[in-house]
Amino acid sequence: MRRTVRLIAVTTGLALAATGCLGGTSEEQTDTERGAEATEVTLTIAANAVSGGKNAEEADWIENYVIPEFVAAQEAEGVDVTVEFQSSGVDDEDYKSKIALDLRTGSGADIVSLDGIWVGEFAEAGYILPLTEVVGDTVEEWDGWEQIPDAVQANMSFNDERYGVPAGSDGRVLFYNKELFAQAGLPEDWQPTSWTEILDAARALQGIDGVTPIQLNAGTAMGEATTMQGVLPLLVGTGERIYDEDGGTWQGNTQNIRDVLGFYQTVYGEELGDPTLQQEAQGRDKSFAEFAAGTIGILMEGDYFWRSVIEPTQGVAPMANRDEVVGFTRLPAMEPGSGIEEQDFVSMSGGGGRVLNPATEFPQQAWELLTFMNSADATIELIGDGARLTQREDVNSEILADDPMLSFIAEEVVPLSAYRPGLAVYPQISVALQQATLDVVTGMPPEEAAAKYQQAVEAALGGADDIASD
Amino acid sequence: MAQKTELPPAEQPAPAAKPRSKPATDVAGLGRGRAAAFVAPAMALIAVFLVFPALWTIYIGITNYRLTGVQAREPEVVGVDNYVRALGDPTFHNSLFLTLIFVLFSAVIGQNLLGFSLARSLSTLRPVLRRVVESLVLLAWIIPSSIVAFLWLALLDRDAGTLNVLLQTSGFAWLIEYPLVSIIIFNIWRGTAFSMLLYSAALASVPPSQLETARLVGASRWQTLRDVVFPHIRGHVLTNTLLISLWTFNDFTPFLITAGGPNGRTEILPVYIYNTAITGGQMGYGAAVSLIMLVINLIIAVFYLRLLRERR
């Protein structure tokens, strides 16, 4: 018996000694020149993109352009490079968990795609480092930086340090089906100027059999899509950002939040939208499929929807007649002039980018590959015939004139856009917002949902000090 | 092996070639050192893969460790805060309640009864038919979870689901309207094979002579079942119930179908832990809930084992 006790004590001691290292990130490799002279190099690129599925254009671009071109260029310099592509085609939240675990354990790809809002929490966790710490001062010398606007660079920065190279930006608009609008007697060139006008159009569409007038992203199943293509664009239309940089306060149970939730209540309470779809695990994909099938009238989405979802040939829910049938219009503020900066129209912008894994064996070559992927030539190759606001101004000015959607986003939408706060706690606030919309969609009054939301924000921030409420 | 069993070594004197001052106390006659050497690899594996992770979980459970953010780099020890929070959290209560309902209806009642009825009725079927039914039931058990989940999504889909086509109820969202019932039925379908196999074997141990006697004295089906069959398979029933309860309690497959939704209505404990720890990044809290779950597992096991001992 005594032996058993001793055994347990020893085992416990050993285990506790080992557990002492929880969190403390292992000593990072600090030599930025490591592997720089190697003649045999293996690099891996990870992105939430997969050929034939999610973000197919990006996956194809990496496999068919980036890898062969880069390998050939390096071969000319006498370096034998192998580049591998780790593709995924999953929900953003799942992808995030995967790469967080990869980076935490010092494994994972050398170049990793990251949504801009994750940069803060990944940086604070020590999973990613400023580019100058991974690569050295050569980063500053890259000529690409001057082509990337500061607001876009901010997407991949944290505490004023660059952690990665951004991969373009975007904007949010209302997409609508012109054929359904014609059936309902609505104008083909639709330009609503207030929330009321959106609701009026939706009510007119309600008369058409088998059509969901407006689908407004809500609920936790859709993750960040709910926040970014739902709550936040509406919120800036009430005149407040989710986080006030000057005051350092988050929106809690305020009139603005209640107004936004009230809009949700109207949409789903009057059955202008389909509340069941917002609760389904595959709800977002379904909303894409239904819009493409012509059974959803109005959908708030980013330009991603246009170029990757309903894109006639490569989209996940292709619409052969997209250019004729689908209209897009700016999102109005709640009332004319009620938006942030007293704007009549509002939008939210975000965007991701690519970071370097601090544990890479070849920081110099990885940086070379990263700059290659963000060169003007590669960027033009990526967008191909499509429409997309790239990170590079030189590329944008070259292709801007050709595409109505791209120029619309660049000229009409992005100047009005607001950005999400690059703070590590933001994803938790976002989840609280998603839950609040879900509560409203499933029948809770907006006041009650907003009060519950306030509690969740307090829990995330550890107190009510930095929360605005009224 | 066969050679060793010839001589029960404990009753044999120590081999003459190696006289010892003390008779060997161990059955195999290995001596302490060699016995320890034999056990060591197994103990090492248990220590590395069982004891260590368990202690690690306990340790994480008393910190505010997160998957990302500052707390990922510098977690702080918060003592029993996570446990206090879990025990006072309505979402956790809801999740625990859902899990108990899920286990009770899908395992204890559903799989048990269906498995037993299948085993009993199959024994009277023609062998060909019996094998066909058995294979079908087994198939549900063998197919990988991800494929099964996909099949069930296709079955219950709102717009083009097989069930809606059969019932002509297009547009009815089973997984939204009856989420818990759906995963309960799913789990019964999925896990019945084990109970069926176990009960088939158990029923074979009932002496036919006793069944014959019962028939001769004019016992009804229910009486035969209660007074002849059940006393023989009591142990099997408890063992089976224990196993399927624990498996169901820890089952993660429903996540693949509903992801815990809609609005947490199928968020059974394993899913709750996944959603808070992995998706939500709250590792410390997730670890604390895991430990609570482990304790509940032990309570269930002890409860059944007690029952098993008493009935014998």
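Here are the numbers for this structure:
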{"item": "Any hit, the stretch A:69-81, residues being surrounded by 22 or more Cβ atoms within 10 Å (Cβ to Cβ) and not assigned by TED's automatic domain parsing to the domain that holds A:Pro318", "result": "yes"}
{"item": "Candidates B:Val133, B:Val103, B:Val165, filtered to the one that is open to solvent by less than 80 Å² (accessible area, probe 1.4 Å) and either more than 23 Å from B:Ala259 (Cα to Cα) or not aliphatic (A, V, I, L, M) (or both)", "result": "B:Val133"}
{"item": "Sole exception among (1) open to solvent by 40 Å² or more (accessible area, probe 1.4 Å); (2) in a loop (DSSP other than H, G, I, E, B) for B:Gly264, by number", "result": "(1)"}
{"item": "Pick from the stretch B:211-250, criterion aliphatic (A, V, I, L, M) and closer than 30 Å to B:Val271 by Cβ, ranking: most open to solvent (accessible area, probe 1.4 Å)", "result": "B:Leu243"}
{"item": "Subset tally (residues that are in contact (Cβ under 8 Å) with a residue 12 or more places away in the chain and among the hydrophobic types (A, V, I, L, M, F, W, C)) for the stretch B:151-166", "result": "3"}
{"item": "Boolean, A:Ala450 is aliphatic (A, V, I, L, M) and either under 21 Å from A:Met348 (Cα atoms) or in the same structural domain as A:Ala154 (by TED's automatic domain parsing) (or both)", "result": "no"}
{"item": "Residues located in the stretch B:273-291, provided they are more than 23 Å from B:Leu50 (Cβ to Cβ) and within 23 Å of the chain's Cα centre (by Cα)", "result": "B:Asn275, B:Thr276"}
{"item": "Residues satisfying the stated conditions in the stretch B:168-179, i.e. surrounded by 18 or more Cβ atoms within 10 Å (Cβ to Cβ) and part of a helix (DSSP H, G or I)", "result": "B:Trp174, B:Leu175, B:Ile176, B:Pro179"}
{"item": "Spans of helices (runs of 4 or more DSSP H) in the stretch A:72-189 with at least 3 residues charged (D, E, K, R)", "result": "A:92-104"}
{"item": "Residues within the stretch A:419-446 that are farther than 14 Å from A:Thr249 by Cβ and in contact with a Gly (Cβ under 9 Å, 6 or more places away or on another chain), tallied", "result": "18"}
{"item": "Among (1) in contact (Cβ under 8 Å) with a residue 12 or more places away in the chain; (2) within 14 Å of chain A (Cβ to nearest Cβ) - the single one B:Ser195 does not satisfy", "result": "(2)"}
{"item": "Inter-residue pairs, beta-carbon under 7 Å, first under 17 Å from A:Arg172 (Cβ atoms) and open to solvent by 10 Å² or more (accessible area, probe 1.4 Å) and in the stretch A:236-262, second aliphatic (A, V, I, L, M) and part of a loop (DSSP other than H, G, I, E, B), 6+ apart", "result": "A:Thr238/A:Met334"}
{"item": "Exclusive hit being in a helix (DSSP H, G or I) and closer than 30 Å to B:Ile62 by Cβ, set B:Val289, B:Val237", "result": "B:Val289"}
{"item": "Any hit, the stretch B:30-40, residues being at pLDDT below 90, open to solvent by less than 80 Å² (accessible area, probe 1.4 Å), in a loop (DSSP other than H, G, I, E, B) and farther than 19 Å from B:Tyr285 by Cβ", "result": "yes"}
{"item": "Positions within the stretch A:266-293 being open to solvent by 20 Å² or more (accessible area, probe 1.4 Å), within 14 Å of chain B (Cβ to nearest Cβ) and not charged (D, E, K, R), in sequence order", "result": "A:Pro275, A:Thr276, A:Gln279, A:Ala281, A:Gln282, A:Ala289, A:Ala292, A:Ala293"}
{"item": "Tabulated pairs, the stretch A:199-210, first surrounded by fewer than 14 Cβ atoms within 10 Å (Cβ to Cβ), second of a type in the set (Val, Ile, Thr), C-beta under 7 angstrom, 6+ apart or interchain", "result": "A:Gly210/A:Thr295"}
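The values are calculated or read from the model by the stated rules, or taken from the named source; none is laboratory data. Values in this document were obtained by computation on a predicted structure and should not be read as measured data. So basically every Cβ, Gly included, is an ideal-geometry build from the backbone, and we count neighbours across all protein chains shown. We work out accessible area using only protein heavy atoms, side chains counted, and drop any ligands, DNA or RNA first. Shrake-Rupley method; radii C 1.70, N 1.55, O 1.52, S 1.80 Å.
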